[in-house]
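Right, one structure below, let's go through it.
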2 protein chains.
Amino acid sequence: MKTKKPLILVTNDDGVSAPGIRTLIEIMAEIGEVIVVAPDKPQSAMGHAITINNTLYLNKISKDSDAVTEYSCSGTPVDCVKIAVNEILKQKPDLCVSGINHGTNSSINVIYSGTMSAALEAGIEGIQGIGFSLLDFDWNADFTQIKSYVKNIALEVLKNNLPKGVVLNVNFPKLKEKEIKGIKICRQANAKYDQKFDKRQTPQGKDYYWLAGDFINEDKGEDTDEWALENGYISVVPVQFDLTAHHTMQQLNTWKWNEI
Amino acid sequence: MKTKKPLILVTNDDGVSAPGIRTLIEIMAEIGEVIVVAPDKPQSAMGHAITINNTLYLNKISKDSDAVTEYSCSGTPVDCVKIAVNEILKQKPDLCVSGINHGTNSSINVIYSGTMSAALEAGIEGIQGIGFSLLDFDWNADFTQIKSYVKNIALEVLKNNLPKGVVLNVNFPKLKEKEIKGIKICRQANAKYDQKFDKRQTPQGKDYYWLAGDFINEDKGEDTDEWALENGYISVVPVQFDLTAHHTMQQLNTWKWNEI
């Protein structure tokens, strides 16, 4: 008896033509039936932005004879997931994978990342979600080294099912396959950017700014994603979209909120 | 002996000219020294987007004789906080308030909200942050009813200091001041959108889409922000930017990650 192939939605934030998503499509086509809905242009650092004050365009970019159906969308990564699930697909996918991102989405980057926001949106819609990122910003980054790991992680998720309300943030060190030490379940490191702004002038003499700065990790824990990546491991952080700081509610209840 | 006034950064996502931020500036000017850095245009639903592939412009829009210094910025709400803290301000503000948003940011809206992302960014930068939202999308919404509550909440935060890594998501029901029952510390309701897409055609016959849909709250808990708001309370949710689902790590460690 033949088992029904899982339906897998693929998206990213670097745009549908990025080498990272092309590799991810290739890997997912070995596992299931794949549909691609990805931004028609780079949408890095778009966070969980959605398009509410503007129109969205959808273009089918695959030929009818192609094995994988692909759409490009004019919106953000989260728009792509929403329109895929609610407009294009006839049934809920078994898995949504986002990436493979060209560059890190570890620690605080999770919150700025379009790749991870797409995976989180899948989770919000009740679909298992995984964001994959490689610590190499180069357009020509070598994704072949991590293909077997990406495939195994997707298979593990399909086999075991993620806890409700949780998606995975998977980051790969820039190493050869043989040098990678394995996979570690981690917490998000408490790191941030020491932001700077590069002030310049237009040819007309008007000031403008570029966001710049350095990544600062002061979290010394050995259970963090940053530690894992620095030590040759693939980091897997379970990420949730209930942002409530439950542990602080008791303390906040002692404040004098209602004495106006 | 005169106590030094707190330095308060004010921003929003509806744009610097929105009545909601005008009210917030007025209230904060009663408490401290205020500086405004807010988007030069509406930036609703921008989530935690930042501008990394484009330039940023900053315009001082207040006169030198004005009591409050105001800048408009071409970027997202998160860009506004970053450029305020790292480029404009000489010292770290004591508080960053965002809003008052025209419309709800309760439950899952927290993740799409530019207002709340600005408050979260303040938290990431080690500054106390509060996002304020009124459940009235109208540009002419009546913010006078909630002024005393907004002021008291800001004063409580300045007096007690928020727990580290936590900002507040404050939503106000659309009620008269006398009808409001008080403030409740809540958790984020487990609610979402039943998203639909309204398909239309351009005058040239090309299909396009508008994001639409209904808000669905299936969370029956009486400790949620949705419950509080429906029952006449102001909801205050402590929100964190460590997205790790710590409670699932043990379970995920039992999976066969490293058997490739």
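The values are calculated or read from the model by the stated rules, or taken from the named source; none is laboratory data. Note that the coordinates shown come from a computational prediction; the quantities given were computed from them, not determined experimentally. When we count neighbours, we look across all protein chains shown, and the Cβ atoms used for this are built from the backbone with ideal geometry, even at glycine. Side chains included, ligands, DNA and RNA excluded: accessible areas come from the protein's heavy atoms. Shrake-Rupley method; radii C 1.70, N 1.55, O 1.52, S 1.80 Å.
Summary of computed values
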{"quantity": "Qualifying residue in the stretch A:234-246 (condition: part of a loop (DSSP other than H, G, I, E, B), at the interface with chain B (Cβ under 8 Å from one of its Cβ atoms) and touching a Pro at 6+ places or on another chain (Cβ under 6 Å))", "calculated": "yes"}
{"quantity": "Top-ranked residue in the stretch B:131-142 [being more than 16 Å from the chain's Cα centre (by Cα) and touching a residue at least 12 places away in the same chain (Cβ under 8 Å); ranked as surrounded by the fewest Cβ atoms within 10 Å (Cβ to Cβ)]", "calculated": "B:140"}
{"quantity": "Of all residues making up the stretch A:163-190, the number that are under 18 Å from the mean Cα position of the chain (by Cα), open to solvent by less than 20 Å² (accessible area, probe 1.4 Å) and more than 7 Å from chain B (Cβ to nearest Cβ)", "calculated": "9"}
{"quantity": "Condition broken by residue A:110, with the remaining ones in (1) more than 8 Å from chain B (Cβ to nearest Cβ); (2) in contact (Cβ under 8 Å) with a residue 60 or more places away in the chain satisfied", "calculated": "(1)"}
{"quantity": "Selected residue [β-branched (Val, Ile, Thr) and either within 23 Å of residue A:238 (Cα to Cα) or buried (at least 24 other Cβ atoms within 10 Å of the Cβ) (or both)] from A:100, A:35", "calculated": "A:100"}
{"quantity": "Residue identified as of a type outside the set (Phe, Trp, Tyr), at positive phi and in a loop (DSSP other than H, G, I, E, B) among B:62, B:107", "calculated": "B:107"}
{"quantity": "Selection from the stretch A:120-138 of residues that are within 11 Å of another protein chain (Cβ to nearest Cβ) and assigned to a helix (DSSP H, G or I)", "calculated": "A:120, A:121, A:123, A:124"}
{"quantity": "Residues (facing another protein chain (nearest Cβ under 7 Å) and in contact (Cβ under 8 Å) with a residue 12 or more places away in the chain) located in the stretch A:208-233", "calculated": "A:209, A:210, A:211"}
{"quantity": "Enumeration of residues in the stretch B:209-231 that are open to solvent by less than 10 Å² (accessible area, probe 1.4 Å) and in contact with a Pro (Cβ under 9 Å, 6 or more places away or on another chain)", "calculated": "B:228"}
{"quantity": "Matching residues, the stretch B:44-71, being within 17 Å of the chain's Cα centre (by Cα) and among the hydroxyl-bearing types (Ser, Thr, Tyr)", "calculated": "B:44"}
{"quantity": "Filtered residue count, the stretch A:247-260, keeping only those that are part of a loop (DSSP other than H, G, I, E, B) and more than 7 Å from chain B (Cβ to nearest Cβ)", "calculated": "2"}
{"quantity": "Hits in the stretch B:46-73 (condition: of a type in the set (Gly, Ala, Ser) and open to solvent by 30 Å² or more (accessible area, probe 1.4 Å))", "calculated": "B:65, B:67"}
{"quantity": "Every residue from the stretch A:10-48 that is in a loop (DSSP other than H, G, I, E, B) and in contact with a helix residue (DSSP H, G or I) (Cβ under 7 Å, 6 or more places away or on another chain)", "calculated": "A:12, A:13, A:14, A:30, A:31, A:43, A:44, A:45, A:46, A:47, A:48"}
{"quantity": "All positions within the stretch B:152-162 that are open to solvent by 60 Å² or more (accessible area, probe 1.4 Å) and either of a type in the set (Ser, Thr, Tyr) or touching a residue at least 40 places away in the same chain (Cβ under 8 Å) (or both)", "calculated": "B:155"}
{"quantity": "Residue match in the stretch A:41-50 (condition: of a type in the set (A, V, I, L, M, F, W, C), away from chain B (no Cβ under 14 Å) and in contact with a strand residue (DSSP E or B) (Cβ under 9 Å, 6 or more places away or on another chain))", "calculated": "no"}
